[in-house]
1. Find the percent of Cα-Cα distances in region 14-53 that exceed 14 Å, and round it to a whole number.
2. Roughly what would the spin-label model give for K130 and N81, points 7 Å off Cα along C-beta, in nm?
3. Do the sum for the chain: with -39,500 (n - 2.57) for every DSSP H run of n ≥ 4, divided by all residues, what is the mean residue ellipticity at 222 nm, to the nearest 500 deg cm²/dmol?
4. Aspartates and glutamates within cross-link reach of K115: Cα-Cα under 17 Å, excluding same-chain residues under 8 positions apart?
5. For region 64-121 and region 1-62, compute the distance between their C-alpha centroids and round to whole Å.
6. For the chain, which span is the longest to avoid every loop-located (per DSSP) member of GluC sites (Glu not before Pro) having at most 12 other Cβ atoms inside 10 Å?
7. Between rounded, prolate and oblate, where does region 33-82 land on the alpha carbon gyration tensor, with a ≥ b ≥ c its root eigenvalues, rounded for a/c under 1.5, else prolate if a/b exceeds b/c?
8. In the chain, which helices (entire DSSP H runs) extend 30 Å or more along their own long axis, judged by Cα positions, while averaging at least -1.0 on the Kyte-Doolittle scale?
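Throughout, read-outs are computed from the coordinates displayed, never taken from laboratory work. Small disclaimer: the values here were computed from a predicted structure and weren't measured. Backbone-built Cβ (ideal geometry, glycine too); neighbour counts: all protein chains shown.
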Amino acid sequence: MNSYETIKNTSSTLYLDLKDESDIQKRLEDAVQEIHSQISSDFKDLFGHVLSLSDFHIFVDDETYRQSATGLILDETILNNGKFKIRIECLIDHGKIWIKVKEGKEIPDFSKIVKRIESAQNFEGLTELKEIK
């Protein structure tokens with residue numbers, strides 16, 4: 001999965017020549033589209049559907065977020081179906097990509113996707129993207 005390589009590359013350049021913490025925020029904002037595009041491509045390879053980015057959140061040095069990990073949360077929908085919502089959580093400095101179906105589990109057209117994602121959930125209800133079979 002190329003998404004993990006993209007996260008790794010982002011992490012390796014994130015902290016180079018920093019002026020302050022706002023540099024990290026800016027660099028992640030600049031990387032959002034590339035990360036989204038790669039995850040969408042991997043999602044299409046797995047499920048045959050393209051993702052559409054609806055919103056994102058960045059966490060930098062936030063003590064309330066996963067032991068202050070640098071994180072990027074992508075709120076996605078399947079292209080042309082805004083009722084099926086997926087949350088993708090990227091822990092940039094840990095090389096993790098988690099996925100969770102947020103809304104639309106009851107939509108029959110997506111039941112196979114839901115089943116595949118939820119079959120590998122951890123105790124938090126998150127599934128590591130690379131664990132989806």
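1. Working: 428 of 780 pairs.
In whole percent, the share of Cα-Cα pairs in region 14-53 beyond 14 Å is 55.
2. Each label point is offset 7 Å from its Cα along the Cβ direction, giving 2.8 nm.
3. That comes out to -12000 deg cm²/dmol.
4. D45, E103, E106, E124, E128, E131
5. Here the answer is 14 Å between Cα centres.
6. My reading of the result: 1-62 is the longest stretch.
7. Values: a/c = 3.07, a/b = 2.27, b/c = 1.35.
Here region 33-82 falls in the prolate category.
8. On the way: long enough: 21-47 (37 Å, -0.78).
The qualifying helices are 21-47.
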